[in-house]
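The values are calculated or read from the model by the stated rules, or taken from the named source; none is laboratory data. Quantities reported herein were computed from a predicted structural model and do not represent experimental measurements. All Cβ positions, glycine included, derive from the backbone under ideal geometry; neighbour counts span all protein chains shown. Areas reflect the complete protein model, heavy atoms only, side chains present, ligands, DNA and RNA absent. Shrake-Rupley method; radii C 1.70, N 1.55, O 1.52, S 1.80 Å.
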Amino acid sequence: MSIELIPGRCEGHGVCEAIAPEVFRVDDDGMVQLVPGGDHEDATALAAARSCPVAALRATS
């Protein structure tokens, strides 16, 4: 599994960052970014991606 960002959908809620800050970061423009070197396949990261209130993140296989 990996995590994919869906362009234009993020609203900067920061739920993913709150759950897995080692994988997600909301930038100064309010858009989520994947942290380089973060474990994007970790169960916590996948749960954080699924928790996005606007489905801006997708877990893919």
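Can you name the condition, by its number, that Glu11 falls short on among (1) free of Cβ contacts under 8 Å to residues at least 12 places away in the same chain; (2) of a type outside the set (Gly, Ala, Ser); (3) out of contact with any strand residue (DSSP E or B) (no Cβ under 9 Å at 6 or more places or on another chain)?
Glu11 satisfies every listed condition except (1).
For the stretch 36-51: of the residues being open to solvent by 30 Å² or more (accessible area, probe 1.4 Å) and either touching a residue at least 12 places away in the same chain (Cβ under 8 Å) or aliphatic (A, V, I, L, M) (or both), which is farthest from Ser2 (Cα to Cα)?
Only one residue fits best here, namely Ser51.
What number of residues within the stretch 19-35 satisfy the criterion of being of a type in the set (A, V, I, L, M, F, W, C) and more than 11 Å from Leu5 (Cβ to Cβ)?
Total meeting the criteria: 5.
Looking at (1) open to solvent by less than 30 Å² (accessible area, probe 1.4 Å); (2) among the aliphatic types (A, V, I, L, M); (3) assigned to a loop (DSSP other than H, G, I, E, B), can you tell me which one Val54 breaks?
Against the list (1) open to solvent by less than 30 Å² (accessible area, probe 1.4 Å); (2) among the aliphatic types (A, V, I, L, M); (3) assigned to a loop (DSSP other than H, G, I, E, B), Val54 comes up short only on (1).
Can you confirm whether Ala18 is of a type in the set (A, V, I, L, M, F, W, C) and either open to solvent by 70 Å² or more (accessible area, probe 1.4 Å) or in contact with a His (Cβ under 8 Å, 6 or more places away or on another chain) (or both)?
yes
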